[in-house]
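Below: the structure, in C-alpha cells.
We did not get these values from a lab; they are worked out from the coordinates using the rules stated. Keep in mind the model is a prediction, meaning the values are calculated, not measured. FYI the Cβ positions are ideal-geometry reconstructions off the backbone, even for glycines, and counts take in every protein chain you see.
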Amino acid sequence: MNDLIAKLKDGNEAAFKEVMGMYKKPIYNYLSMLLGNRQLAEELTQDTFVRVYFKAHTLKTDQPQACKAWIYSIATNLARSEFRKTKLKKIFSLSDLNESQVSYHPDVEGKLLAEQLLALVPEKWRVPLVMKEMDNFTFEEIARVLNKPVGTVKSLVFRGKDHLKKQCLAPKGASHV
C-alpha cells in the first residue's frame, strides 16, 4: 500500500484509479449522509478526486491511514464550503416521496429519516458524528482529518449524539432548532 501511495504522489494514473476505486464509494456515502443530498454528494465526490489527482504530490507521507485522512479532509472541506455557500439546513420530508419510491426501496425511508435527523445536528458536531458512527472512523482518525485533539473530537461526537437524542425525544411540534 505504501508503494501505491508513492506512485499516486508521482502522478501514476493507474495508482490514482486504484485509490479512487478504494475510496470513491465511502466518500460518496460520507458526503451523502453529511449533506443529505445525493446529487450534491456525487458532485463533491468528483471534486474530491479531481483535487486528489492534482494535489497528490503535496501529500507528505506514504502511510495509507494518512492518505485516507487526507482524502476525507478534502471531502470535508468541500462540504464545509458548500455549507457556507448555501447555508444548507434543508430537512427532507418523507411526505415528499410518492409511495412507489418507498415501496420499491424499503431502505429509502430509513436513509431519509437518518438524513433528516442529521440535518438537525449543527455542522460542527455532524461532521465528526457521521465520521464516527457512519464511516466507523476511530477518534484518532477523525482528529487527524479535522486537525483537532482527540479529546475535542470525543466531545464533539458526544455533543452531536446528545443533540440528536434530544431532538428525537422532543415532543411533537416542539422546535427542532
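Kindly put Phe158, Phe137 in sequence by how many other C-beta atoms sit within 10 Å of each C-beta, fewest to most.
Working: Phe158 14, Phe137 22.
Ordered by Cβ neighbours within 10 Å, fewest first: Phe158, Phe137.
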Would you mind ranking Asp162, Asp3, Asp62 so that the residue whose beta carbon has the fewest other beta carbons within 10 Å leads the list? Asp3, Asp162, Asp62
With θ set to phi - 60° and the Karplus curve 6.51 cos²θ - 1.76 cosθ + 1.60, what are the ³J(HN,Hα) couplings of the range 125-140 in order, to the nearest whole Hz, using x for Gly and Pro? 9, 5, 4, x, 5, 5, 4, 6, 8, 9, 9, 6, 6, 7, 4, 5
What distance in nm lies between label points placed 7 Å from Cα along the C-beta direction at Val150 and Asp135? 1.9
Beyond a 28 Å Cα-Cα separation, which of these cross-linked pairs lie in this structure: Lys68/Lys124; Lys24/Lys154; Lys60/Lys165; Lys55/Lys154; Lys17/Lys148; Lys24/Lys166? Lys60/Lys165; Lys55/Lys154; Lys17/Lys148; Lys24/Lys166
